[in-house]
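Asks: Before we start, here is the structure in question, set down as structure tokens.
The values are calculated or read from the model by the stated rules, or taken from the named source; none is laboratory data. Remember, it's a predicted structure, so these values are computed and weren't measured experimentally. Using ideal geometry, Cβ is built from the backbone for each residue, glycine included, and neighbour counts are taken over all protein chains shown.
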Amino acid sequence: MRANVANSGGPGVGKSVLAAVLFAELKILGLDYDLIPEERRKLMCEMGNYRSPFERIYMWRQQEREELRSSAADGFITDTPLFHLYTQGKWYARESRDILAVRELLRMCLELKANGRYQIITIPKNPEEIPYKTDNVRTSGESDARMKHALIRSFVEHFFPDKILFVHGSAKERAAQVICRILELRGEKE
């Protein structure tokens, strides 16, 4: 059984670090996982910053293509779940026409739910557990980052309550919590 893992949450909560640590730990255990990075980073020099929610539909297709290419026997890990593009589109919608793109992104999220893309969606219980820092990826301040986390958490709790795994602790501790859930889904014990 494949168990795809989506590390979710707002900016600066440790999604990418957890993805890297989890990927390494699963390989050590002999499980076959793909690590699906954020496609936007590859396209940043061509696209620049998003200017409308419509660009998020394009990015959804790029990110989804990478998820669908995953051929690992046991699943994939991503630090950029597709539904993040919906919550971002909702957050940044400014014009009435933006609502068209936001509605389409929501429909795409409903398809995700229907096809069972993610078996585990991690989200930090306490987003402040890891101190917030700005870097070349994070452009918003801490208060906006925490509000985005709350929006994503609310969305996940509403649409994917049976997939949520609240994580806490260091990256290694969080990875151990995810591994326990993966082994449970596989019918194994750690």
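Asks: Within segment 1-32, count every residue that is within 15 Å of the chain's Cα centre (by Cα), among the small types (G, A, S), assigned to a helix (DSSP H, G or I) and at pLDDT 95 or above.
Replies: Qualifying residue count for the region: 2.
Asks: Moving on to the next point. Hey, can you tell me all the residues within segment 56-112 that are hydroxyl-bearing (S, T, Y), part of a loop (DSSP other than H, G, I, E, B) and farther than 27 Å from F23 by Cα?
Replies: Applying the first criterion (hydroxyl-bearing (S, T, Y)) to segment 56-112 yields 58, 70-71, 78, 80, 86-87, 92, 96.
Filter once more, so that each one left must be part of a loop (DSSP other than H, G, I, E, B): 70-71, 80, 96.
Listed by number, the list holds a single entry, S96.
Asks: Okay, moving on. Would you confirm whether or not segment 6-15 contains a residue that is surrounded by fewer than 16 Cβ atoms within 10 Å (Cβ to Cβ) and either out of contact with any helix residue (DSSP H, G or I) (no Cβ under 9 Å at 6 or more places or on another chain) or touching a residue at least 60 places away in the same chain (Cβ under 8 Å) (or both)? Spell out the reasoning first.
Replies: At the first step, the residues of segment 6-15 found to be surrounded by fewer than 16 Cβ atoms within 10 Å (Cβ to Cβ) are none.
Within segment 6-15, not a single residue is surrounded by fewer than 16 Cβ atoms within 10 Å (Cβ to Cβ) and either out of contact with any helix residue (DSSP H, G or I) (no Cβ under 9 Å at 6 or more places or on another chain) or touching a residue at least 60 places away in the same chain (Cβ under 8 Å) (or both).
Asks: Can I ask one more? Being of a type outside the set (A, V, I, L, M, F, W, C) and over 27 Å from R65 (Cβ atoms) is the filter here; which residues of segment 111-139 pass it?
Replies: First, the residues of segment 111-139 that are of a type outside the set (A, V, I, L, M, F, W, C): 111, 113, 115-119, 122, 124-129, 131-136, 138-139.
Scanning segment 111-139 gives P124, K125, N126, P127, E128, E129, P131, Y132, K133, T134.
Asks: I'm told Y118 meets every condition in (1) surrounded by 23 or more Cβ atoms within 10 Å (Cβ to Cβ); (2) out of contact with any Lys or Arg (no Cβ under 8 Å at 6 or more places or on another chain); (3) not small (G, A, S) except one. Can you identify the failing condition by its number?
Replies: (2)
Asks: Another question about this same structure. Of (1) free of Cβ contacts under 8 Å to residues at least 40 places away in the same chain; (2) under 25 Å from F54 (Cα atoms), V156 satisfies all except one. Which?
Replies: (1)
Asks: Now, a different point. Quick one: count up the residues across segment 148-190 that are charged (D, E, K, R), assigned to a loop (DSSP other than H, G, I, E, B) and buried (at least 18 other Cβ atoms within 10 Å of the Cβ).
Replies: We begin by selecting, within segment 148-190, every residue charged (D, E, K, R); these are 148, 153, 157, 162-163, 172-174, 181, 184, 186, 188-190.
Then drop every residue that is not assigned to a loop (DSSP other than H, G, I, E, B), which leaves 162-163, 186, 188-190.
Of the ones still in play, those that are also buried (at least 18 other Cβ atoms within 10 Å of the Cβ) are 163.
Going through segment 148-190 one residue at a time, the tally reaches 1.
Asks: Still on this structure, please answer the following. Consider R107 against the criteria (1) modelled with pLDDT under 95; (2) loosely packed, with under 13 Cβ neighbours inside 10 Å: it satisfies all of them except one. Which criterion is unmet?
Replies: Exception for R107: condition (1).
Asks: Starting from residues that are crowded, with 16+ Cβ neighbours inside 10 Å and aliphatic (A, V, I, L, M), keep the ones in segment 55-71 and report whichever is farthest from the chain's Cα centre (by Cα).
Replies: Per the stated criteria, the residue is I57.
Asks: Which residue, of R146, R153, R138, is modelled with pLDDT under 90 and closer than 16 Å to G9 by Cβ? Outline the logic, then answer.
Replies: Values: R146 fails: modelled with pLDDT under 90; R153 fails: modelled with pLDDT under 90.
The unique qualifying residue is R138.
Asks: Here are the criteria: (1) within 15 Å of the chain's Cα centre (by Cα); (2) part of a helix (DSSP H, G or I); (3) not small (G, A, S). Tell me which single one L35 does not satisfy.
Replies: (2)
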